[in-house]
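This report concerns only the one structure given below.
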């Protein structure tokens, strides 16, 4: 079942709040990494994120790779869940 944009927006807001709390726990994500992770949590592809942020898809992929390393995960879903589980 596809989520409504309101549900997706609410989940992205929760993810954003979780990211801020993770920073307080010692996980440091850059502003651009946070922005990228929020857009990932809204269901955007790397290509869509690149267009929204006016950067290359390669740069988005680098941000995602750094997010994975910092959160010790290996997928977008795990990255999103990692920020939610530490709340």
Unmet criterion (only one of (1) at pLDDT below 90; (2) surrounded by 15 or more Cβ atoms within 10 Å (Cβ to Cβ)) for residue 4: (2)
Result of the Cβ filter at 8 Å on the range 62-87, keeping first residues that are at positive phi and partners that are assigned to a helix (DSSP H, G or I) and modelled with pLDDT under 95, at least 6 apart or interchain, is 72/82
Between 66, 42, which is out of contact with any strand residue (DSSP E or B) (no Cβ under 9 Å at 6 or more places or on another chain) and at pLDDT 95 or above? 66
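The values are calculated or read from the model by the stated rules, or taken from the named source; none is laboratory data. For clarity, every value in this text was computed on a predicted model and none was experimentally measured. Reconstructed Cβ throughout: ideal geometry from the backbone, glycine too, with neighbour counts over all protein chains shown.
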